[in-house]
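Okay, so here's the structure we're looking at.
The values are calculated or read from the model by the stated rules, or taken from the named source; none is laboratory data. Since we're looking at a predicted model, the values are computed, not measured. Methodologically, a virtual Cβ is constructed for each residue, glycine included, from the backbone with ideal geometry; neighbour enumeration extends over all protein chains shown. Just so you know, the surface numbers come from the protein's heavy atoms only, side chains and all, with ligands and any DNA or RNA stripped out. Shrake-Rupley method; radii C 1.70, N 1.55, O 1.52, S 1.80 Å.
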Amino acid sequence: MSFNSLAYLLYLPVVFIVYWLLPYRWQNGFLLTASYFFLGFIHPWFTVLIFSVSSVNYLAGRALGRWPKQRKMILLSALVFSLGILGYFKYAGFFLENLAVLLQTMGMASFQSSLSILLPVGISFYTFQALAYTIDVYRKDVPPQKQFIDFSLFISFFPQLVAGPIERSRDLMPQVEHRRQVTPEMLNHGLLLVIWGFFKKLVIADNTGLIAYKVFSLSDPGFYTVWAGVFSFAIQILADFWSYTDIARGSALLLGFKLSRNFNHPYFATSPADFWRRWHMSLSYWLRDYIYIPLGGSRVSAGRATGNIMLTFLLSGLWHGASWNFVFWGGYHGLLVLINRWFRIVRDRLKISVPGWFIPGVVTGKRILTFLLVCIGWLMFRVTDTNRLMELFQLLPWQSDRADLQVAVYLFFLSLLYSLPIWFHGLFHLHWCKNHTMEDPLLDIVLMVRPLLMAVLFLGILLLRSPSPSTFIYFQF
Amino acid sequence: MRKLPSRNHCLYALATGLLGMILCVYLPPLILHLAIGPGADRAKQGWWTHFSGPTRPLPVNGYEVLLPAERTIALNPDFKQATSWIIWFVPEGTLYKIQFSAEAVSRVTLDGKTLLKASPKSRSRKVEERWCKLTPGPHLFRLDFYNKDGGGWFSIGFLTPPLMRLTALQNTMVAMPNRDHLETWWWLMRLSRPGTWFFGLLAGFSLLALLLPLAMANRLYATIITIALVAAPALLIPDLSGREPYIGPVIHKKLQQKQPRYVFIGNSMLWSRIDDSLLEHLLGGVPVYSIVNFGGLSGIHYLAMKYLLIPSGIKPKRVFIFFRGITLVEPTARTTGPYFETLIKRITPATDPVFERLAHGRETSPASAFQRYLDTLFSVQKNRKMVRDAVGNAALWLSIPGTGQLRQEKRNQLRSLVNKHFALKNVGAGMDKESLRSGSREILDFSSSVAKSFLPPILKLARTHNFPLVFVRVQERPQDNGPVRDTPEMKQFIAELKDYLTVNGAVLYDFTGDPELPLSMYGQGDHIEDSSLYTPIFYDRLRGLLQ
């Protein structure tokens, strides 16, 4: 079920009440059942798939502990199975389509790909989470899990099941294994995160999404309108994905679990690399730990390090979707990170330094530039048709008329107004983090103000929620 | 994470919310009874009116005058703006109906709450009206009128019990307010309602966020108190408007008097096409009757048939239902929003379970019923529209900042430009035009969507009451004067609809592609400019069914 559905608003309180009424030894079993119900509510068949991924990785973990000599073979088997499932359900159609085109281009007998596979919700997330566990056991970073119910719950814990964050076994597994303690603070924070998440989704993401949808539906849009639409989409995708994480973290807190952060105000990043340390952090760290560093990371020759970065980002793009535009998007970000890296190397060699009084200006400039570069990437992300994407990139400002500019300015301000809470939250965070060391000022806000904030957010949801609610974008990944 | 503060702090937060809420709830009656009522000058019985905004150079910028408490007030042509105040000492606490019409942009507020609005756009409706339940005692009316060309008039009437006859306010019942602090009192009353909302929520969240975790042992009680607190303002200050009266008896009476042989049900598509009197003439005096609900689609047609036609007891020979595109299988279309909520209340005596299930889908659960109840009491839909409009206007203002008439006109131009920019004809690459115009591709799959539509209950009603049904699909506006052609999906959809109706004993007549319906016959959108031109064509095409 989706977080932004009435079903979830009924489901969460029921789970919350039953869960806390149950004795500890029944809680994990209940949560596992509730999580399977959560996934099966979308399509009952999806539960079979997650059960098989959980079973194979659980058995692989146990086998790795029991037969140390066959470690590589066991790991390889688990990888082949998990990635095979992901590859079949997510990439088979894409692969066959491109194979058909390739054969046709080469003048060989081609075929019409009619493979239509239903993409299981959350498959990219739970497969990666299961894989990380198996690799960690292989590396002996974590011990193999003995209890199947606990392991299954780690894979299918409902708040983070569909769109992350991708949790590591070392963080989540101990919470699954041990008795959860819930404190008033946790309930308080959980409630605030859930309401804030709903506000971001229903008010910010859905309203700006509507603007982006309208812009990208135009048959002949002008240069300015397209980029106003890209700005709207940039807000939409951030608010949409971030809201999911917040609702997930809030729901988990109500059940006594602490999930990791997935976002840290990515549009305030000062460089493309910084952006990836703030955007979908759990995926970035996953790719870093299980792909980039095993490939050698940056401690290899310059050429290989470049290759490692590009490969990691291309895979990141492909992870987001089986379509060329996502590959371009990943490649584009890889290129940005590389350029940024070369720039830093040159700057360090030339020993270029900026006077102290000029630093705030430079930092602000870097933030704006990074945001603009990220926005260019979002156009690739939004437009899945490659030909259409090329058409939009070929639009030039002087080809557009004044009316196009006026409409674009209006759309820009409309998106900006809807997204003001996110920008203010970011600015508050920047200011706050200078003097404090907490993760989110929103959660550390003066307690007396917290009900006021909740009331304002609730009122905002009632009055400003979009007339056209949409599903979470990251559900498709 | 920070530690929670002491219980005293939490109680303080709760008390702030509660006190604020109570204050706001009782603020309007306190102001009316302690400030407005006693301060009224009962010797001056009329509208105290302030004219301003001179249209030409004058020695004064504005002047005040006491106008008699008559229904119509005329604006001096030298001025653009008028604000009138009056206190009405309501004799009896009951439902009153207030009617309002004006030549230009104007607004009626009662005790700080906007009751009625008139604008050039809604002038076609001529008279705006609203029911409101008033308590006995003083009530403050304010009328705002603006005509950029100067001059004009506005008229207000009251239907008072027991005869509900339209009258002006009686002189003995009205007074002129004391002008000292009048604006301040008015604004306080205006802000009290959202204030009640806000403080109610604040109190509720104070409990939920602060006391609930602290009083873990009493969680159940705390939850009940929270819900009660959030809902309390709604119970204390019911919406000014009462339930829109059911118009069924009026329509039943008309139908019984006329005994029409043919009844037509539809929206403006029907209204712009069929001229009842002309059709009666063409039929040689056979009576016909049209039940038109503007904007309504299949859900509204179902309600019209069930509550306006059937209870009248008449037995028409045929009932014609006019529709467009795939709207017959769009059960949720045009069933929500302030206008449709009012319309539904007018044509139904009580909530219809079939309509609720089909039109509002899942919204039949107790939770959604409660949500709708709150929505009605708090006017969420209306407030949402107001706030969303405000955001849109703010974006317009940021695009073209500044004050003054010229800037405002530029902003209006920009608004039209945006609408033109996203007009249907400009949509293409990213979506299917047909799906935007008439619903999604999913709905074009007739077999899967018909079960969830209003067609089965409409056909069931017709079978039960023995009304032969004729569904008339109107032709949409032709493009570039060429013939109207359906997409292959649409052709398939209509073919399946026809089969379905035939099996269920109904008839489908499709006007799409009719050579005698060129673009020149069309007015705005898919409406026909002159119904007297269309009616003979209708008569000609459906002669077999009309004899």
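Within this structure, residue A:135 passes the test of being assigned to a helix (DSSP H, G or I), β-branched (Val, Ile, Thr) and farther than 30 Å from residue A:235 by Cβ.
Residues in the stretch A:198-225 that are within 10 Å of chain B (Cβ to nearest Cβ) and among the charged types (D, E, K, R): 2 in all.
With the requirement that a residue be open to solvent by 10 Å² or more (accessible area, probe 1.4 Å) and either assigned by TED's automatic domain parsing to the domain that holds residue A:247 or closer than 16 Å to residue A:61 by Cβ (or both), what does the stretch A:146-172 give you? A:146, A:147, A:148, A:149, A:150, A:168, A:170 - these are the residues of the stretch A:146-172 that are open to solvent by 10 Å² or more (accessible area, probe 1.4 Å) and either assigned by TED's automatic domain parsing to the domain that holds residue A:247 or closer than 16 Å to residue A:61 by Cβ (or both).
Here's the yes/no breakdown for (1) open to solvent by 10 Å² or more (accessible area, probe 1.4 Å); (2) of a type outside the set (S, T, N, Q); (3) farther than 26 Å from residue A:462 by Cα:
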{"residue": "B:322", "(1), (2), (3)": "no, yes, yes"}
{"residue": "B:328", "(1), (2), (3)": "no, yes, yes"}
{"residue": "B:333", "(1), (2), (3)": "yes, yes, no"}
{"residue": "B:343", "(1), (2), (3)": "yes, yes, no"}
{"residue": "B:351", "(1), (2), (3)": "yes, no, no"}
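Out of B:486, B:530, one residue alone is closer than 22 Å to residue B:292 by Cα, under 34 Å from the mean Cα position of the chain (by Cα) and of a type outside the set (Phe, Trp, Tyr). It is B:530.
Each row is one residue, and each column tells you yes or no for (1) over 21 Å from residue A:216 (Cβ atoms); (2) modelled with pLDDT of 65 or more; (3) not assigned by TED's automatic domain parsing to the domain that holds residue B:305.
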position: B:370; (1), (2), (3): yes, no, yes
position: B:377; (1), (2), (3): yes, no, yes
position: B:406; (1), (2), (3): yes, yes, yes
position: B:428; (1), (2), (3): no, no, yes
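Residue count for the stretch B:273-311, restricted to those that are small (Gly, Ala, Ser) and open to solvent by less than 10 Å² (accessible area, probe 1.4 Å): 4.
Results for (1) more than 27 Å from the chain's Cα centre (by Cα); (2) modelled with pLDDT under 80; (3) within 11 Å of chain B (Cβ to nearest Cβ), shown as yes or no for each residue.
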position	(1), (2), (3)
A:381	no, no, no
A:412	no, no, yes
A:424	no, no, no
A:464	no, no, yes
A:469	no, yes, no
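Just to be sure, is residue B:77 surrounded by fewer than 16 Cβ atoms within 10 Å (Cβ to Cβ) and in contact with a helix residue (DSSP H, G or I) (Cβ under 9 Å, 6 or more places away or on another chain)? Judged against the criteria, residue B:77 is not a match.
With respect to being closer than 21 Å to residue B:191 by Cα and either open to solvent by 30 Å² or more (accessible area, probe 1.4 Å) or in a loop (DSSP other than H, G, I, E, B) (or both), residue B:107 fits the description. Being closer than 22 Å to residue B:173 by Cβ and touching a helix residue (DSSP H, G or I) at 6+ places or on another chain (Cβ under 8 Å) is a description that does not apply to residue B:48.
Yes/no per residue for (1) open to solvent by 10 Å² or more (accessible area, probe 1.4 Å); (2) at pLDDT 90 or above; (3) under 22 Å from residue A:38 (Cβ atoms):
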{"residue": "A:255", "(1), (2), (3)": "no, no, yes"}
{"residue": "A:258", "(1), (2), (3)": "yes, no, yes"}
{"residue": "A:263", "(1), (2), (3)": "no, no, no"}
{"residue": "A:289", "(1), (2), (3)": "yes, no, no"}
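In the stretch B:19-39, how many are open to solvent by 20 Å² or more (accessible area, probe 1.4 Å), in contact (Cβ under 8 Å) with a residue 40 or more places away in the chain and farther than 15 Å from residue B:198 by Cα? Looking only at that region, the number is 5. Please tell me if residue A:247 is open to solvent by 10 Å² or more (accessible area, probe 1.4 Å) and closer than 27 Å to residue A:175 by Cα. Considered against the rule, which asks whether it is open to solvent by 10 Å² or more (accessible area, probe 1.4 Å) and closer than 27 Å to residue A:175 by Cα, residue A:247 comes out as no. Could you tell me whether any residue of the stretch A:170-189 is at the interface with chain B (Cβ under 10 Å from one of its Cβ atoms), within 22 Å of the chain's Cα centre (by Cα) and not hydroxyl-bearing (Ser, Thr, Tyr)? Checking the stretch A:170-189: at least one residue is at the interface with chain B (Cβ under 10 Å from one of its Cβ atoms), within 22 Å of the chain's Cα centre (by Cα) and not hydroxyl-bearing (Ser, Thr, Tyr). Inside the stretch A:315-326, can you point out the residues that are in a helix (DSSP H, G or I) and within 16 Å of the chain's Cα centre (by Cα)? A:315, A:316, A:317, A:318, A:319, A:320, A:326 - these are the residues of the stretch A:315-326 that are in a helix (DSSP H, G or I) and within 16 Å of the chain's Cα centre (by Cα). When the residues of the stretch A:433-453 are narrowed to those that are crowded, with 16+ Cβ neighbours inside 10 Å and part of a helix (DSSP H, G or I), which ends up modelled with the highest pLDDT? Step by step, filter the stretch A:433-453, then rank; the result is A:453.
Consider the stretch A:2-39 and keep the residues that are under 22 Å from the mean Cα position of the chain (by Cα) and under 17 Å from residue A:155 (Cα atoms). The one that is nearest to the other protein chains (Cβ to nearest Cβ) is A:38.
Restricting attention to the stretch A:386-402, the residues that are within 10 Å of another protein chain (Cβ to nearest Cβ) and in contact (Cβ under 8 Å) with a residue 12 or more places away in the chain total 1.
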